[in-house]
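Some notes on the structure that comes next.
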Amino acid sequence: MLEVLNHPLITHKLTLMRKKETGTKDFRESLDEIAELMAYEVCRELPTKPVEIETPIAKCVGQELSKEVVIVPILRAGIGLLDGIRRLVPTAKVGFIGLFRDEETLQPHEYFAKFPKNLEDSVVMIVDPMLATGGSAVAAIDMVKKRGAKDIKMVCLVGVPEGVKAIQDAHPDVDIYLAAMDEKLNEIGYIVPGLGDAGDRIFGTK
Ligand code: PRP
Ligand code: URA
């Protein structure tokens, strides 16, 4: 399943992020706000179970979330999406995957992994602003599957068809959510028009 959210509020904030003159503070704040808006949509399909409760007036059957949510940002840039999603799902646990993309080969290299227990019974949301070749996303999904995760959502801000295809070919069971689908990759693997290097713009490096 691929869902491109294309929401006017998200598109407005993403346009600010795309502008080359936007500085670190506005870039980070817009990403944080978009993360919260995306989380609302991504959580629409979370499973619930009936629960008997008593209001001040009467007994009734309500619904509560039936699975734990684990948010897994891909370091570094995925960190920019974490707080916004946690505001909507404050009970979520958090895992971390450290991957960097080799600038020459565009292959992902793993340098860190730390996960909460019980990934197999949780909804695992892997988050990263950029889905370019898809190499990092596919590697991250491999890593959580190796630890038992079965219900996996890949949440990215900007993607391209190449990256979506890479995930769908390797992991057809994973739901993909994008704020926007861009045109293509350029010759050095950057998204066009994209927003440049997300990690550098979030953290002010380079
Ligand atoms: C960026 C981005 C993704 C990856 C996407 O991270 O945040 O993780 O590239 O590219 P791909 O789809 O071709 O794998 P980068 O490796 O630059 O690391 P950073 O977040 O530390 O800057
Ligand atoms: N990673 C980024 O940060 N930006 C791109 O356009 C592609 C990969």
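The values are calculated or read from the model by the stated rules, or taken from the named source; none is laboratory data. From a predicted model like this one, the values you see are computed outputs, not experimental measurements. Cβ atoms come from the backbone with ideal geometry, glycine included; neighbour counts cover every protein chain shown. Heavy atoms of the whole protein, side chains included, go into the accessibility calculation; ligands, DNA and RNA do not. Shrake-Rupley method; radii C 1.70, N 1.55, O 1.52, S 1.80 Å.
Determine, yes or no, whether residue 29 is over 12 Å from residue 179 (Cα atoms) and surrounded by 12 or more Cβ atoms within 10 Å (Cβ to Cβ).
Considered against the rule, which asks whether it is over 12 Å from residue 179 (Cα atoms) and surrounded by 12 or more Cβ atoms within 10 Å (Cβ to Cβ), residue 29 comes out as yes.
Which of the residues spanning the range 34-47 are in a helix (DSSP H, G or I) and open to solvent by less than 80 Å² (accessible area, probe 1.4 Å)?
Narrowing the range 34-47 to residues in a helix (DSSP H, G or I): 34-45.
Listed by number, the residues that qualify are 34, 35, 36, 37, 38, 39, 41, 42, 43.
Checking the condition under 26 Å from residue 26 (Cα atoms), more than 12 Å from ligand 1 (Cβ to nearest atom), of a type in the set (Lys, Arg) and free of Cβ contacts under 8 Å to residues at least 40 places away in the same chain, which residue from 184, 145, 206 passes?
Being under 26 Å from residue 26 (Cα atoms), more than 12 Å from ligand 1 (Cβ to nearest atom), of a type in the set (Lys, Arg) and free of Cβ contacts under 8 Å to residues at least 40 places away in the same chain holds for just one of 184, 145, 206, which is 184.
Can you tell me which residue in the range 190-200 is farthest from residue 15 (Cα to Cα), limited to those that are in contact with a Gly (Cβ under 9 Å, 6 or more places away or on another chain) and of a type outside the set (Phe, Trp, Tyr)?
It comes out as 199.
Counting only residues that are farther than 22 Å from residue 138 by Cα, in contact with a helix residue (DSSP H, G or I) (Cβ under 7 Å, 6 or more places away or on another chain) and among the small types (Gly, Ala, Ser), how many does the range 22-79 have?
Qualifying residue count, the range 22-79: 1.
Return the only residue of 2, 16 being modelled with pLDDT of 95 or more and within 24 Å of residue 122 (Cβ to Cβ).
Only one candidate passes the filter, namely 2.
Tell me whether the range 158-175 contains one or more residues that are touching a residue at least 40 places away in the same chain (Cβ under 8 Å), away from ligand 2 (no atom under 15 Å from the Cβ) and under 15 Å from the mean Cα position of the chain (by Cα).
yes
Would you be able to tell me the number of residues in the range 114-142 that are acidic (Asp, Glu) and free of Cβ contacts under 8 Å to residues at least 40 places away in the same chain?
2
If we keep just the residues of the range 148-165 that are under 12 Å from residue 127 (Cβ atoms) and hydrophobic (A, V, I, L, M, F, W, C), which is farthest from ligand 1 (Cβ to nearest atom)?
Among those residues, the one meeting the criterion is 152.
Among the numbered criteria (1) touching a residue at least 60 places away in the same chain (Cβ under 8 Å); (2) open to solvent by 40 Å² or more (accessible area, probe 1.4 Å); (3) within 21 Å of residue 156 (Cα to Cα), which one does residue 17 miss?
Residue 17 satisfies every listed condition except (2).
Restricting attention to strands (runs of 3 or more DSSP E) lying wholly within the range 52-170, give those where 3 or more residues are open to solvent by 40 Å² or more (accessible area, probe 1.4 Å).
Filter on the range 52-170 gives 59-65, 96-101, 108-114.
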